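Single-structure report; data block below.
The values are calculated or read from the model by the stated rules, or taken from the named source; none is laboratory data. Since this is a predicted model, take the numbers as computed values, not measurements. Neighbour counts are summed over all protein chains in view; Cβ atoms, including those assigned to glycine, are modelled from backbone coordinates with ideal geometry.
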Amino acid sequence: MDSNDVREAWVDRSGAYSPTYYAHYGPDETSEVVRATIERRLGPDTRVLEVGCGVGRHLAALAEAGFSALSGVDVNEDALDVLAETYPELAAVGEFHAETIEAYLQEVGTDAFDAVFSVETLQHIHPDSEWVFAELARVTGDLLVTVENESGEAGTVNHVDDQVPLYYRDWQRVFTELGYEETESVERKRDTVRVFRAEN
C-alpha cells in the first residue's frame, strides 16, 4: 500500500471509524485532555490547528471552552459535512479544509498556529510522506500535542481491520530532532499523549 492508497482509504471510509461513527460518540476524555493542555499553557486566544480533524469532536470541546481561532484539515470531505451538521457553532467560528495534510501544510506560513494537535492521525502517515512532520513543526509556533498509538515497536506497521496501515513511530525522537522539547508524556491504555514546546 503506497501513500496514495493510504489517503484514499480514509477518503472512502465508512462503518467503523467513519465520520458518522465519530460524530455519534462526540467529545471524549481525549478531547478534554487536549483542551486542558492548550488552555493551561496558552489560553483561549490561541490559534489552534487539528490535523486529521474528522468531524471536529475534539475542536468542539475547545469551542465550548471559548476558543474561536480554530482550524482543521481532513482528507475526508464527508467528515467536514458531518462537522457542519453536528457542531454548527464550531463550523461558524472555525476554518476547515478538505484536503490532504501534506498539501495543506505546504500552503501554510511558518508559525501560523500557536498550537497544533493530532489524535491518532500521524500514525497513519505513510513513510513516503514523513517529510510532513518537519512541515508540521514549521507551522507550529509554540505547542505541539500528539495523541498517537505507540503500542508497537517503532519502525513496524500494523493494520486496522486488516486494511488501513498504522505505522509505529517514536514521536519523542521525531519531534525533538525537529527542534522541540518534550515537556510532558502520559501513557494511556490506547495511546500516548505527548506535549512538545518549540525551542526558541
Inset, instruction - Taking the residues in region 152-195 that are in a loop (DSSP other than H, G, I, E, B) and in contact (Cβ under 8 Å) with a residue 40 or more places away in the chain as candidates, determine which candidate is surrounded by the fewest Cβ atoms within 10 Å (Cβ to Cβ). - result: Asp161
Inset, instruction - Examine region 95-115 for a residue that is buried (at least 16 other Cβ atoms within 10 Å of the Cβ), more than 27 Å from Ala69 (Cα to Cα) and polar (S, T, N, Q), and state whether such a residue exists. - result: no
Inset, instruction - Return the total of residues in region 67-98 being outside any helix (DSSP H, G or I) and over 14 Å from Thr121 (Cα atoms). - result: 11
Inset, instruction - Output yes when any residue across region 99-112 is farther than 19 Å from Glu32 by Cα, modelled with pLDDT under 95, of a type outside the set (Asp, Glu) and in a helix (DSSP H, G or I), and no when none is. - result: no
Legend entry - Options Ala23, Ala16: the member that is more than 22 Å from Leu143 (Cα to Cα), assigned to a helix (DSSP H, G or I) and modelled with pLDDT under 95: Ala23
Inset, instruction - Could you tell me whether Glu148 is out of contact with any strand residue (DSSP E or B) (no Cβ under 6 Å at 6 or more places or on another chain) and surrounded by 20 or more Cβ atoms within 10 Å (Cβ to Cβ)? - result: yes
Legend entry - Total residues in region 38-50, condition out of contact with any Leu (no Cβ under 7 Å at 6 or more places or on another chain) and either modelled with pLDDT under 55 or buried (at least 19 other Cβ atoms within 10 Å of the Cβ) (or both): 2
Inset, instruction - Answer yes or no: is there a residue in region 121-128 that is loosely packed, with under 13 Cβ neighbours inside 10 Å and without any contact (Cβ under 8 Å) to a residue 24 or more places away in the chain. - result: no
Inset, instruction - For Glu89, indicate whether it is surrounded by fewer than 19 Cβ atoms within 10 Å (Cβ to Cβ) and modelled with pLDDT of 95 or more. - result: no
Legend entry - Number of the exception - Glu135 against (1) more than 25 Å from Glu99 (Cβ to Cβ); (2) free of Cβ contacts under 8 Å to residues at least 40 places away in the same chain: (1)
